[in-house]
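The values are calculated or read from the model by the stated rules, or taken from the named source; none is laboratory data. What you see is a predicted model; the values in this text were computed from it and never measured. All Cβ positions, glycine included, derive from the backbone under ideal geometry; neighbour counts span all protein chains shown.
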Amino acid sequence: MNMLQFDLAALFALVLLNYWLWRSVLYPPFIFCFMWLFVLATYRMDLIDVYPVHANTLAIVIGGAAIFSLGGLFASLTPRPLLRVHLFPEPPEKRSTLIRNILTVVVLCGVPLFFYEVVRISEQGIGANLLMRARAAEVEAAQNGQQINSFLLDYFVIASTFVALMFATGKRDWKFRVVVVCAFIGCVLSTGRTGLLLLIAGLCAIRLLRRHQERFWQALKSLRWPVMLFVALYVALIFTNKNTKGISGGVSGIAFYYVLSYIVGPLAAFDAVVQAPGSFALATTHVFEFPLKMAAAFHLLSYTAPPKLDTFVQVPFAANVYTAFKFYFLELGVGGTIAVMFVFGLLHSLLYLKAKQGGRLSTFLYAYSIYAVIMVVFDDAYYDVGVYLRAFLFGAVYLALCTWSFHWFPRIRFRPLRILPNSRPDTPPLGSAS
């Protein structure tokens, strides 16, 4: 048995073990190991020409999956009464109506403004359609170390996603549907696929948690249409905002090439990092970006954030994403990478176990964070502490406001006039003759 076959067997065992532990497809160690099993199985089938992955790279992957699972096992030892403590009580629907109305109007009004911003930046790019030109302009600016400054471009997608996921934890009325559609439109106009993945995966996680359908076959039956929708949109956006010139095979060939390159490309790129780490020396830290940015904001030190787009490496096709392991490996070494995976597995599993107790804030936070564990085979989304703090603040403020009663004007109660029947039947009516 070679190293790849051993790794496949080990990952399959970890997937079964993690599923057996909680009987849930939402358990973070299960998702972590399942995603890596899917990637290595696809790589093993040789469906696309890619450079071979060395044994030491595969060892880091398997070690990370095992330690991530160990962190989840430690989280499972948390006393249940502690997990049942909720920061906010369930807000009454009548009290949350005002806040829901305001957020619905804000998101609805943001869609045409966001579309205008996309049209405006598309004038700076080259392409066959609006989205392709807008994406080309953003990529070119990022490669040149520039940034297209726009409040809507920076915050509308994430803000509308926050609102959609928070509404999903409560009453699913027409306001919820309107916000979800607006967030969906924003994700498409953003020219990326990660926003769609975050939105759809978060909504699916909330659906399964609320319906208690976390077992494999229940989840598969409940999520078959959302998964098919995401796959269809993922493939469709390839032809909308990607330059497909020079790729043969027609529509199916182009889709096949891009999907497979996204699946196995990051693993091959990370293997290049492991084999020659000196060629990928970092000009600034990625792992400690959040605390250093906070210190720089208070003028305690000087810090320059790393570029949004990483450098390309040929595997043999071009790839610039290196799985979740790259930066921890370069900055902390193998031991530090394994330790970080343990912490991520522990904290993420604690959040999942808290969400299982039904709290709206923990459910919202877990739904937003599920994107990070899905993306471990592609890129690192755990490092961005700032966005998780913003999610926590949004959820906490929203639920706090929903629990308050707003009385801006004094209540005036009008009582209808009541004509009482005559209590003395022998008394003659007014004006009658005596």
### Message
If I filter the stretch 300-327 down to residues being of a type in the set (D, E, K, R) and assigned to a loop (DSSP other than H, G, I, E, B), which single residue comes out as modelled with the lowest pLDDT?
### Response
K308
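Is it the case, given these coordinates, that F270 is touching a Lys or Arg at 6+ places or on another chain (Cβ under 6 Å), outside any loop (DSSP other than H, G, I, E, B), under 23 Å from G64 (Cβ atoms) and of a type outside the set (S, T, Y)?
Numbers: touching a Lys or Arg at 6+ places or on another chain (Cβ under 6 Å): yes; outside any loop (DSSP other than H, G, I, E, B): yes; under 23 Å from G64 (Cβ atoms): yes; of a type outside the set (S, T, Y): yes.
It is true that F270 is touching a Lys or Arg at 6+ places or on another chain (Cβ under 6 Å), outside any loop (DSSP other than H, G, I, E, B), under 23 Å from G64 (Cβ atoms) and of a type outside the set (S, T, Y).
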### Given (1) in a helix (DSSP H, G or I); (2) at negative phi, index of the condition H286 fails
(1)
### Message
So E214 ticks every box in (1) outside any loop (DSSP other than H, G, I, E, B); (2) touching a residue at least 24 places away in the same chain (Cβ under 8 Å); (3) crowded, with 16+ Cβ neighbours inside 10 Å; (4) not small (G, A, S) but one. Which box is left unticked?
### Response
(1)
### Message
Against the condition in a helix (DSSP H, G or I) and closer than 26 Å to C402 by Cβ, how does L203 come out, does it pass?
### Response
yes
### Task
Can you confirm whether the stretch 24-31 contains a residue that is of a type outside the set (K, R), at pLDDT 95 or above and surrounded by fewer than 19 Cβ atoms within 10 Å (Cβ to Cβ)?
no
### Message
Taking the criterion of being of a type in the set (D, E, K, R), exposed (fewer than 15 other Cβ atoms within 10 Å of the Cβ) and farther than 30 Å from S362 by Cβ, would at least one residue in the stretch 244-254 satisfy it?
### Response
yes
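Taking the options V85, V107, name whichever one is at pLDDT 95 or above and of a type in the set (A, V, I, L, M).
V107
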### Task
Answer yes or no: is there a residue in the stretch 232-240 that is of a type in the set (S, T, N, Q), under 24 Å from Y388 (Cβ atoms), in contact with a helix residue (DSSP H, G or I) (Cβ under 7 Å, 6 or more places away or on another chain) and in contact (Cβ under 8 Å) with a residue 40 or more places away in the chain.
no
### Query
Pairs, please: C-beta under 6 Å, at least 6 apart or cross-chain, first residue under 16 Å from S122 (Cα atoms) and in the stretch 186-207, second surrounded by 22 or more Cβ atoms within 10 Å (Cβ to Cβ) and of a type in the set (D, E, K, R)?
T191/R135
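Scan F312, F288 and give me the residue that is touching a strand residue (DSSP E or B) at 6+ places or on another chain (Cβ under 6 Å) and of a type in the set (A, V, I, L, M, F, W, C). Before you say what the answer is, go through the steps one by one.
Working: F288 fails: touching a strand residue (DSSP E or B) at 6+ places or on another chain (Cβ under 6 Å).
Only one candidate qualifies: F312.
Taking into account only those residues within the stretch 134-175 that are surrounded by 14 or more Cβ atoms within 10 Å (Cβ to Cβ) and not in a helix (DSSP H, G or I), which is modelled with the lowest pLDDT?
Filtering the stretch 134-175 for residues surrounded by 14 or more Cβ atoms within 10 Å (Cβ to Cβ) gives 134-142, 148, 150, 152-153, 155-170, 172, 175.
Subsequent filtering for residues that are not in a helix (DSSP H, G or I) retains 148, 150, 169-170, 172.
On the way: I148: 68, S150: 76, T169: 92, G170: 88, R172: 86.
In this case the residue turns out to be I148.
Considering A272, A268, A276, A295, which residue is within 25 Å of the chain's Cα centre (by Cα) and aliphatic (A, V, I, L, M)? Lay out the reasoning, then the answer.
Values: A272 fails: within 25 Å of the chain's Cα centre (by Cα); A276 fails: within 25 Å of the chain's Cα centre (by Cα); A295 fails: within 25 Å of the chain's Cα centre (by Cα).
After ruling out the rest, the residue left standing is A268.
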### Task
Kindly establish whether G195 is closer than 25 Å to V231 by Cβ, touching a Cys at 6+ places or on another chain (Cβ under 8 Å) and modelled with pLDDT under 95.
yes
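Against the condition among the hydroxyl-bearing types (S, T, Y) and within 18 Å of R193 (Cβ to Cβ), how does Y303 come out, does it pass? Talk me through it step by step, then tell me what you get.
Working: among the hydroxyl-bearing types (S, T, Y): yes; within 18 Å of R193 (Cβ to Cβ): no.
No: the conditions fail for Y303.
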### Task
Consider only pairs whose beta carbons are under 8 Å apart and that are at least six residues apart or on different chains; among these, list those whose first residue lies in the stretch 281-292 and is loosely packed, with under 15 Cβ neighbours inside 10 Å and whose second residue is assigned to a loop (DSSP other than H, G, I, E, B).
L282/P306; A283/T304; A283/P306; T284/Y303; T284/T304; T284/A305; T284/P306
### Query
Can you spot a residue in the stretch 38-46 that is in contact with a helix residue (DSSP H, G or I) (Cβ under 6 Å, 6 or more places away or on another chain), under 23 Å from H348 (Cβ atoms) and hydrophobic (A, V, I, L, M, F, W, C)?
yes
### Task
Return only the number of the condition from (1) modelled with pLDDT of 90 or more; (2) buried (at least 18 other Cβ atoms within 10 Å of the Cβ); (3) among the hydroxyl-bearing types (S, T, Y) that S222 does not satisfy.
(2)
### Query
Taking Y51, is it in a helix (DSSP H, G or I), among the aromatic types (F, W, Y), out of contact with any Phe, Trp or Tyr (no Cβ under 6 Å at 6 or more places or on another chain) and closer than 28 Å to G265 by Cα?
no
